[in-house]
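A.B. asks: Let me give you the structure first, and then I'll get to my questions.
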Amino acid sequence: MLFNPERYHVDPHEVEGIELQVHKSKASLILHRMHPSEIKPGKGRENWDVGGIVAYSKICTHVGCPISLNERTTHHLLCPCHQSTFDLTDSGRVVFGPAGRPLPQLPLEVDEQGYLVAQSDFTEPVGPSYWERDYDEPW
Amino acid sequence: MSLGDRPDMSKVAKSNAGEPAVPPSRGSQRAGAVANWADERLGLGTMLKKNLRKVFPDHWSFMLGEIALWSFVVLLLTGVFLTLWYDPSMTEVQYAGSYDPLRGVHMSSAFASTLDISFDVRGGLLLRQMHHWAAHIFIAAMMIHLLRVYFTGAFRKPRELNWVIGCLLLLLGTIEGFTGYSLPDDLLSGTGVRAADGFVKATPVVGTYMSFFMFGGEFPGDAIIPRLYIAHVLLLPGLLLALIAAHMLLLVYHKHTQWPGPGRTEQNVVGYPLLPVYAAKAGGFFFIVFGACALLGGLFSINNVWKLGPYDPSKVTAGSQPDWYMGWPDGLLRIIPPWETHIWGVTLSWNIMLPILVMPPLMITILALLPFIEQWVTGDKREHHLLQRPRNAPTRTAIMVALMTFYGLSWAAGGNDIIAIKMDLSINQITYFMRAAIFVGPVIAFMITKRWCISLQRQDKEKLLHGYETGVLVRSPAGGYAEKHLPIDEHQAYALTARDRDEVYVPEEDDLDGVSPRGRRLARLRAKLSAMFFADNVQKPTAAEVEESRAHAEHELHELEHQIATGPNKHGPSSDH
Ligand code: HEM
Ligand code: FES
């Protein structure tokens, strides 16, 4: 269960219709498990996986298709729309295709009751790029 | 005209107030009376008298535009049928129709009503599939018609504006197709709309505002389907209809072009009158196009939206493809490298802007400007009503073949995943290959086409000067073999020579004296382009050359026949050839 009522004020079971669609187009997740030794953690992401389980946004950073094709042996995710390929062992880096940015990663942890939960929200906007995307970044 | 000169209208008005100016004869029938009524008010009679006898020349390629016209009519008819049942709403409903696998599934009303049309409305699936097939035919026919007009030079003065209207029709038809394709709100089309949202968001400065405006809030919102619907059934069909009307009016006003031939000149049109021949042909052709759409719609399923289900932003499958006419920008989008600039706190997505926001408008603009560019380069400001064979304008033909090659390669790149799977190739390698091919391919295509055209011109000249090859081999007494050539017949010779001589533009230095530096540069550029256009072309032989070669050929023939008659081998061709 990834839903954490303390951190996220919407109960997914109560959302429906258009609102649900809006949430799905932003909050869809990929949970992927590999051997912990296969992960090359990015800087500051050393504790973002739990025993080889990682979570990434499912929404392509290209134009927003849900990414769904998993290459099991390489832990690459392939977007069916324009074939951008992301490496889940390496912070969602783009290894092929037109997408310009890595997939946003969701930091994971285990809570007191033993549930897998998110440490926080995504640390950057999910989905396609847009003009104002870096406004908050220090530059 | 002074007031005093004004004709006295009171009398005219008075005489019309009671009885018609010309009383109808007793025997006149009801139809005649109606026609008379209309004619007195609208002056239709004179207009019809002129236009019913309007002459249209005949050639199979003139039928391509008609296919586009009639498939548009099929779209109007089937589209109106669909509006009776289609519900353009994103309100969530639980499906309760007769398609079992989806019963109970939550979906938009739009998708549910599309399922109803497909499964519960009598004839609904047939009409839906006819509508979709007709859309394919409409856009394909427009494209092929455009190629016909281009390759035969029918876009030249005075028809440039009709060419531009045609380009707009192609653009609007494509957008109309995309809006219609999105209406069912199924998984594939929803994914297409999602991508469109990404395209809009990639627009510099105003992208996010435009996206929120379009969707009435955050994607997907509940506004996009009703809005696409109004665009699809009112706004775009209205524009299409107006442009098609303008296209047809200009066609009638300019008169149709014709192929050169004996008796056909720049001043006349040789063909059949509108009534009865052409009206019957064209009218009958509507039923053929309608029948073809009905057969396709009845026999071949298209867009089975129930297979993948309603749109869900978290789902999509492999091999997702837009309708084919959206394929070429999609292909460019697939093969472009991941260029994205992050600078001064803003994001510039070249990987989306170049293939989607820049290329399609650029291609349409280039297409629309082709007549004007050619006119400027060649300096040809004359009117043209006789068509040209593609080979007789090698550079023009080569330009379009280069554009077609670019289009075809981009389009194929849009199916790179399908190609990879079907042909067991690496998708990465296909992509790298395509990145180079879209630049190199058109250049190669240009060169091959141009040389090919010029060889064909050379062959035409050969035929004119040395006759055609009869296939009859003759052995001379000395043992050498020669093929007998005979002059081509006069109709053919006429058609081959009915073309202008090309003139390369050479700016005279004296003329350039008073010209600004910019004007000079332009003149030099024009001269260079003009040389590229014309310098390598094979010109038709002069009358003197033809005469001379005829005399020469006759002489040769006599020689041959003499040799045959006197030689030991008497089985050669008889002299009545
Ligand atoms: C150039 C003209 C047109 C083109 C290219 C076009 C194309 C399309 C396409 C591709 C679809 C998707 C069909 C499907 O469900 O598989 C569609 C749906 C539809 N079109 Fe058109 N169309 C045209 C004109 C019209 C007109 C004039 C009307 C009505 C006045 C119309 C009404 C509709 C409706 C109601 C739908 C939704 C039906 C459904 O989803 O089942 N269309 N159109
Ligand atoms: S949306 Fe994923 S590659 Fe284009």
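A.B. asks: Only Cα pairs under 8 Å and at least 6 apart count here; give the relative contact order of segment B:200-340 as a rounded whole percent.
C.D. replies: 6 percent
A.B. asks: Report the charge-dipole magnitude of the protein assembly as shown in Debye, nearest 20, computed about the Cα centre from +1 at each Lys and Arg Cβ and -1 at each Asp and Glu Cβ.
C.D. replies: 2120 debye
A.B. asks: Can you classify segment B:368-478 as rounded, prolate or oblate using the Cα gyration tensor, where a ≥ b ≥ c are the square roots of its eigenvalues, rounded means a/c under 1.5, and otherwise it's prolate if a/b beats b/c and oblate if not?
C.D. replies: Judged from the Cα gyration tensor, segment B:368-478 comes out oblate (a/c at least 1.5, b/c at or above a/b).
A.B. asks: Once you charge only the Cβ atoms, +1 for Lys and Arg and -1 for Asp and Glu, what is the size of the charge dipole of segment B:72-381 about its Cα centre, to the nearest 20 debye?
C.D. replies: With Lys and Arg at +1 and Asp and Glu at -1, about 1040 debye.
A.B. asks: From largest to smallest, what semi-axes in whole angstrom does segment B:148-199 give when each is the square root of 5 times an eigenvalue of its alpha carbon gyration tensor?
C.D. replies: Over the Cα atoms of segment B:148-199, the ellipsoid semi-axes are 34, 10, 9 Å.
A.B. asks: Another one. For B:Lys463, give me every one of the lysines with a C-alpha distance below 23 angstrom, ignoring sequence neighbours fewer than eight places off in its own chain.
C.D. replies: Excluding near neighbours in sequence, the set is B:Lys450, B:Lys484, B:Lys540.
A.B. asks: Rounded to the nearest 500, what is chain B's calculated 222 nm mean residue ellipticity when only DSSP H runs of at least 4 contribute -39500 (n - 2.57) each, over all residues?
C.D. replies: -19000 deg cm²/dmol
A.B. asks: Beyond 37 Å, what share of the Cα-Cα pairs of the protein assembly as shown remains, rounded to the nearest whole percent?
C.D. replies: Tail of P(r) above 37 Å: 57 percent of Cα pairs.
A.B. asks: Could I ask something else about it? Taking 0.36 nm per intervening residue step and subtracting the Cα-Cα distance, what contour gain separates B:Leu48 from B:Glu483 on full extension?
C.D. replies: Here the answer is 150.9 nm.
A.B. asks: Using only the Cα atoms of segment B:130-252, build the gyration tensor, take square roots of its eigenvalues as a ≥ b ≥ c, and label the shape rounded, prolate or oblate: rounded if a/c is under 1.5, else prolate if a/b is larger than b/c, else oblate.
C.D. replies: In terms of gyration-tensor shape, prolate.
A.B. asks: I'd like the orientation of helix B:109-119 relative to chain B: the angle between its Cα long axis and the longest Cα principal axis, in ° from 0 to 90, rounded to 10.
C.D. replies: Rounded to the nearest ten degrees, it is 60.
A.B. asks: Going by Cα centres, segment B:64-122 and segment B:368-414 are how many Å apart?
C.D. replies: Cα centroid to Cα centroid, the span is 40 Å.
A.B. asks: Tell me the relative contact order for chain B as a rounded percent, counting alpha carbon contacts under 8 Å between residues six or more apart.
C.D. replies: 15 percent
A.B. asks: At 25 °C and 0.890 mPa s, grab the translational diffusion coefficient of chain B from Stokes-Einstein with a Kirkwood Rh over Cα pairs, rounded to a whole number in µm² per second.
C.D. replies: Answer from the Stokes-Einstein relation: 84 µm²/s.
A.B. asks: Related question: Determine the shape class of chain A: with a ≥ b ≥ c the square roots of the Cα gyration tensor eigenvalues, call it rounded for a/c under 1.5, and otherwise prolate if a/b is greater than b/c, oblate otherwise.
C.D. replies: Rounded shape, in that the Cα axes give a/c under 1.5.
A.B. asks: Within 10 Å of each Cβ in B:192-199, how many Cβ atoms from other chains are there, averaged over the peptide?
C.D. replies: 5
A.B. asks: Which of the lysines could a cross-linker bridge to B:Lys49, judged by Cα under 21 Å and excluding same-chain residues fewer than eight apart?
C.D. replies: Within the straight-line cut-off, B:Lys49 pairs with B:Lys255, B:Lys281.
A.B. asks: With +1 assigned to the C-beta of every Lys and Arg and -1 to the C-beta of every Asp and Glu, and no other charges, what is the dipole magnitude of chain B about the Cα centre in debye, to the nearest 20?
C.D. replies: That gives a dipole near 740 debye.
A.B. asks: Further question on the same structure: Considering the Cα trace of segment B:72-381, what is its radius of gyration and what is Dmax, both in angstroms?
C.D. replies: 22.4, 71
A.B. asks: Another question about this same structure. Pairs of Cα atoms under 8 Å, at least six residues apart: use those to get the relative contact order of segment A:41-80, whole percent.
C.D. replies: It comes to 24 percent, rounded to a whole number.
Read-outs: derived from the displayed coordinates by stated rules, not from any lab. Because the structure is a prediction, the values reported are computed rather than measured. Methodologically, a virtual Cβ is constructed for each residue, glycine included, from the backbone with ideal geometry; neighbour enumeration extends over all protein chains shown.
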